[in-house]
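Here the structure is laid out as structure tokens; the discussion comes afterwards.
The values are calculated or read from the model by the stated rules, or taken from the named source; none is laboratory data. Fair warning: this is a prediction, and the values are worked out from it, not measured in the lab. Every residue, glycine as well, gets a Cβ built from its backbone with ideal geometry; the counts of neighbours run over all protein chains shown. Keep in mind that these areas ignore ligands, DNA and RNA; they rest on the heavy atoms of the full protein, side chains included. Shrake-Rupley method; radii C 1.70, N 1.55, O 1.52, S 1.80 Å.
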Amino acid sequence: MIHTLRLRVMRAPDTLDNTMTFRQRHHYLFILLIFGILAPLLLWASVHFTRQHGLTGLAEETENDLMIFARKLEDYLTGYDRLVGSVAASRQVGALLRNSRDKKIVSVANTYLQTLNEEVRASAIYVMDLGGNTLAASNWQAEKTFVGNNYGFRYYFQRAAKGLMGRDVAIGTTSDVLGYYVARPVLDPGSDQIIGVAVIKVTLDELGLLFSDLDLRLLVADREGVIFLTSESRWHLKSLRPITTSTIEKISRFKRYADSLFTLLPMREERYWDGVSKLVVLDDGVEYLTQATLLLSRGWEMHVFKPTKDVKEHVYFAVTASLLLSALLFLTALYMNQRYRYLKDLKAAAIHDFLTGLYTRRYMEDAANAQISRIGRGQVNTISVAMIDIDHFKQVNDEFGHRAGDQVLRAVGKAIASEVRQGDIPVRYGGEEFLVIINACNECDAAHLVHRILERLKCLHFRGPIRKLKITASAGVAHYRKGGTLEDLLQRADELLYKAKEDGRDRYYDDECKRPETP
Ligand SMILES: Nc1nc2c(ncn2[C@@H]2O[C@H](COP(=O)(O)OP(=O)(O)OP(=O)(O)O)[C@@H](O)[C@H]2O)c(=O)[nH]1
């Protein structure tokens, strides 16, 4: 502590001021640097973690929605899958296929299909023979009835005619409406031979109602990636993947998508966010988190798109919050720094004389008393006090002015500080009076020091109007005596100083050392 303070003492006050400004500037630069690194880090972390957290939540919601809608669609269509089974097993349909020329049987079958269709609200229910001809249909009375038409080219018919479940999405040749077709073989109860095919058609408009009023985008595409069911009408019959010309031709033939262009669904900036979810920007310029699932029984794929705008809002909030936090931390750091410097300056001002930079009288009293108690404990040999007073200083003030007087005081303070050793305490005692508490090994050490100081003061050179000025000083040196007090020590030094002044100045008296007293 003393060592640090001593270094400060040895600087001229004007240099000290400059150093503090320089240091202060360094402090601000340091704080700015720290915040220059911290603020972007904080910003990056808040953006990263908020987005990460938001997208994780959104991915969970998307997965949930996907499961719900896939289940909803499956359940809805499975109802028709089962229903077509009961149509195929019905007495009326069996009778019709065994005897399609009997008008009465045909009429009974038509009425049965019509009534059933009204109950289950399908688009149409009809029965075909193995040649693909429609023998009876729920819309038998309509102008564009299916009865009499041949749908043998249809994929669903060909599957059912082979004894399999036929499922397909296609545009109706008679109705011109896109629909889901499900077909089952009709077996002869006696022989178990396939004798025809029962079909139910459900319009996709009706299916689309399942997905209306959603705050998400949803699509269902067939095996080839053609979107046939979607919450966005503009995506209708667009394709998720590039399709070859031969596939387009095949689709056109079986499904009658002939007029469609099969353009690709515009999806930009696709990238996987995790293993399952993708982040995409769609044709509306909005970013979505998307997930897909396969509807295995039908070979379809369902995609759900959830806008990430809520996540973005959270990120904006986090950015604002972290900017505010950074600003708050920055201001707090500035305030703390100012306060720290202020307290430090206050403390320095309390122990240092503002003009010379030497210690104050108050500090000296505390430090000297501490030294005296150390002597009592045997930790320090002895101490001495040298009281030094500039001779005829009043004349300097009177002749050259107070500022010149201050210049001399500063130079004397600097000279004394540079002569003392580490552990000595140089003090501005008052006015033009200085004092040094000397940690001496023996009495003559102190006399040597005072001798050197008085010599040095004689050699001081000044600038400006007082460049020709030469000064001398007088001193009194007193040594600690066992059991003595600081007051006693100071008094003896003062008396010796007084004596030196009286005897003509430019000398020192030492109460023990018998060295020459004039330097
Ligand atoms: N410039 C300046 N002068 C000071 C300061 N403190 C005290 N003085 C002056 O120091 C002078 C001390 O004068 P005196 O006590 O008469 O002593 P002296 O003129 O040095 O004469 P001797 O000590 O008897 O040799 C006074 O004129 C004070 O005004 C200060 O901080 N700055």
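What shape does segment 49-147 take by its C-alpha gyration tensor, where a ≥ b ≥ c are the square roots of the eigenvalues and a/c under 1.5 counts as rounded, a/b above b/c as prolate, and the rest as oblate?
Note, shape of segment 49-147 comes out prolate.
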Could you list the square roots of 5 times each eigenvalue of the Cα gyration tensor of segment 332-414, that is, the equivalent ellipsoid semi-axes, sorted largest first and rounded to whole Å? 29, 27, 7
Kirkwood Rh over alpha-carbon pairs of segment 433-515 plugged into Stokes-Einstein at 20 °C, 1.002 mPa s gives a D in µm²/s of 156 µm²/s
Considering only protein heavy atoms, what is the solvent-accessible area of T244 at a probe of 1.4 Å, reported in Å² to the nearest 10? 80 Å²
Give me the accessible area per residue for segment 352-510, probe 1.4 Å, as a whole number in Å². 47 Å²
Return the tail of the calculated pair distribution for segment 160-294, meaning the percent of Cα-Cα pairs more than 27 Å apart. 33 percent
Taking amide hydrogens as modeled 1.01 Å from N in the peptide plane, which residues meet the under 5 Å criterion relative to T382, leaving out close sequence neighbours? A440
Pull up the cross-link candidates among the lysines for K306, meaning alpha carbon to alpha carbon under 27 Å and not fewer than 8 places away within one chain. K72, K238, K278
Tilt of helix 103-120 relative to the longest C-alpha principal axis of the chain, in degrees (0 to 90, nearest 10)? 20 degrees
Positive end of the charge dipole of segment 213-307 (Lys, Arg +1 and Asp, Glu -1 on Cβ, about the Cα centre): tell me which of V220, Q291, V281 has its Cα farthest that way. V220
Solvent exposure of segment 213-307 as accessible area per residue, Å², 1.4 Å probe: 50 Å²
Charges at C-beta only: +1 for Lys and Arg, -1 for Asp and Glu. How large is the resulting dipole of segment 352-510 about its Cα centre, in Debye rounded to 20? 500 debye
With a Förster distance of 35 angstrom and the Cβ-Cβ distance between L334 and T485, calculated FRET efficiency to the nearest 0.05 equals 0.15
Indicate, rounded to the nearest 5 percent, the antiparallel portion of the DSSP beta bridges found entirely in segment 292-437. 95 percent
Quick one: pull the percent of accessible area on the chain belonging to carbon and sulfur, 1.4 Å probe, ligands and nucleic acids left out. 55 percent
Using label points projected 7 Å from each Cα along Cα→Cβ, tell me how many nm separate R341 and N397, to one decimal. 3.4 nm
In whole Å, what are the Cα extents of segment 89-231 along the three principal axes, biggest one first? 53, 29, 23
Alpha-carbon Rg/Rh ratio, for the chain, with Rh computed the Kirkwood way: 1.61
Please give the helix 245-255 orientation as an angle from the longest Cα principal axis of the chain, in degrees from 0 to 90, rounded to the nearest 10. 50 degrees
Kirkwood Rh over Cα pairs of segment 223-369 into Stokes-Einstein at 20 °C, 1.002 mPa s: D in µm²/s? 97 µm²/s
Looking only at Cα atoms, what is the convex hull volume of segment 372-462 per residue, in Å³? 88 Å³
What are the chymotrypsin sites (Phe, Trp or Tyr not before Pro) within segment 420-488 that DSSP puts in a loop, where the Cβ has at most 14 other Cβ atoms within 10 Å? none
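With both bridge residues required to lie in the chain, what share of the DSSP beta bridges run antiparallel, to the nearest 5%?
Percentage antiparallel, nearest 5: 95.
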Order E419, E495, E455, E143, most accessible first, counting only protein heavy atoms with a 1.4 angstrom probe. E143, E495, E455, E419
Could you give the size of the charge dipole of the chain about its Cα centre, using +1 on the Cβ of each K and R and -1 on the Cβ of each D and E, expressed in debye and rounded to the nearest 20? 860 debye
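Sorting V106, V477 by accessible area (1.4 Å probe), largest first, what list results?
Order by accessible area, largest first: V106, V477.
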Computed over segment 352-510, the ratio Rg/Rh where both radii use C-alpha atoms and Rh is Kirkwood: 0.98
